[in-house]
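Asks: The structure's right below; bear with me while I get my questions together.
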Amino acid sequence: MTTQAMIGHGSIFSIATADSPTDFTAVSEVTNISPPKLSRDTVDATHNASPEKWREYIAGLKDGGEMSVEMNFVPGSVGNTLILESFNDDEPMNCKIEFPDSPATVWSFKAFCTGFEPDDPVDDRMSATATFKLTGKPSFVGA
């Protein structure tokens, strides 16, 4: 069978402001997107009659995790400004990742920026990494 693997070229990370929650703006010059890392807690439900002394677990709460985006740092750009707005605002913003398949698979979620790390080397391109914490249930809509 032929592989269906793809490269990430063409993926888009976008943010919507609290004032316009459905009007998304793409962050420009993105070089890498690390999508959310979903996780789920496990709750130990072992009891005195658990079969043959084996621990038993039940599913716990789910967590949308964090995601990060790396980009060329363009001071004053619309994308960098939106990221800093998200960092300074206590309310989560609507975010989405559009993958390069056709039609595009979209992962959308509410998140707030928990970190923004620009880098300004003397002999290389300026870059930045922004980290976002998801809140609530993300939506993953496949093609």
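The values are calculated or read from the model by the stated rules, or taken from the named source; none is laboratory data. Note that the structure is predicted; figures quoted are calculated from it, not measured. Ideal geometry is used to build each Cβ from the backbone, glycine not excepted, and the neighbour counts take in all protein chains shown. Protein only, heavy atoms only, side chains kept; ligands, DNA and RNA dropped before computing areas. Shrake-Rupley method; radii C 1.70, N 1.55, O 1.52, S 1.80 Å.
Asks: Rank these residues by their accessible area, most exposed first, probe 1.4 Å: F24, F13.
Replies: F24, F13
Asks: Using a Förster distance of 35 Å, how high is the FRET efficiency between M6 and N88, based on the Cβ-Cβ distance and rounded to 0.05?
Replies: Calculated transfer efficiency: 0.50.
Asks: In whole Å, what are the extents of the chain along the principal axes defined by its C-alpha atoms, from largest to smallest?
Replies: For the chain, the Cα extents along the three principal axes come out at 64, 47, 37 Å.
Asks: So how much slack lies between M126 and S34, counting 0.36 nm per residue of separation and subtracting their Cα-Cα distance, in nm?
Replies: Value of the extension gain: 31.2 nm.
Asks: If you don't mind, another one. Give me the percent of the accessible area of the chain that comes from carbon and sulfur atoms, probe 1.4 Å, all protein chains in place.
Replies: 53
Asks: Moving to a separate point now. Could you work out the local net charge near C95, counting Lys and Arg as +1, Asp and Glu as -1, over the other residues with Cβ closer than 14 Å to its Cβ?
Replies: -2
Asks: Now a separate question. Arrange the residues I12, I97 by how much accessible surface each exposes, largest first, with a 1.4 angstrom probe.
Replies: I12, I97
Asks: Which value, in debye to the nearest 20, describes the size of the charge dipole of the chain about its Cα centre when Lys and Arg Cβ atoms bear +1, Asp and Glu Cβ atoms bear -1, and nothing else is charged?
Replies: In total the dipole reaches around 680 debye.
Asks: If one computes the Cα centroid of the stretch 59-94 and of the stretch 97-143, what distance in Å separates the two points?
Replies: Using only Cα atoms to place each centre, the spacing works out to 7 Å.
Asks: How do R125, R55 stack up against each other in accessible area, from largest to smallest, with a 1.4 angstrom probe?
Replies: Result of the area sort, largest leading: R55, R125.
Asks: Return the single residue from E52, E98, E70 with maximal mean-square fluctuation; model: Gaussian network over the chain, springs between Cα atoms under 10 Å.
Replies: E52
Asks: Pairing the Cα long axis of helix 78-88 with the longest principal axis of the chain, what angle in degrees results, from 0 to 90 and rounded to the nearest 10?
Replies: Result, in degrees: 50.
Asks: Picking from S20, S108, S11, which is most flexible by a Gaussian network model of the chain using Cα springs under 10 Å?
Replies: S20
Asks: Please work out the Kirkwood hydrodynamic radius for the stretch 57-131, using every pair of different C-alpha atoms, and report it in angstroms with one decimal place.
Replies: 14.4
Asks: Could you work out the Rg to Rh ratio of the stretch 33-87, with Rh taken as the Kirkwood radius (inverse of the mean 1/r over all Cα pairs)?
Replies: When Rh is taken as the Kirkwood radius, the ratio is 1.39.
Asks: Averaging sequence separations of C-alpha pairs under 8 Å and six or more residues apart, then dividing by the length of the stretch 8-143, give the relative contact order as a whole percent.
Replies: 27
Asks: Per the helix-only calculation at 222 nm, which mean residue ellipticity applies to the chain, given -39500 (n - 2.57) for every DSSP H run of n ≥ 4 and division by its residues, nearest 500 deg cm²/dmol?
Replies: -2500 deg cm²/dmol
Asks: Determine the sum of side-chain charges near E85: Lys and Arg each +1, Asp and Glu each -1, restricted to other residues whose C-beta is under 11 angstrom from that of E85.
Replies: Around E85, the charge tally is -3.
Asks: Sorted by average packing, counted as other Cβ atoms within 10 angstrom per residue and highest first, what order do 45-51, 61-67, 80-86 take?
Replies: Output ranking for 45-51, 61-67, 80-86: 80-86, 61-67, 45-51.
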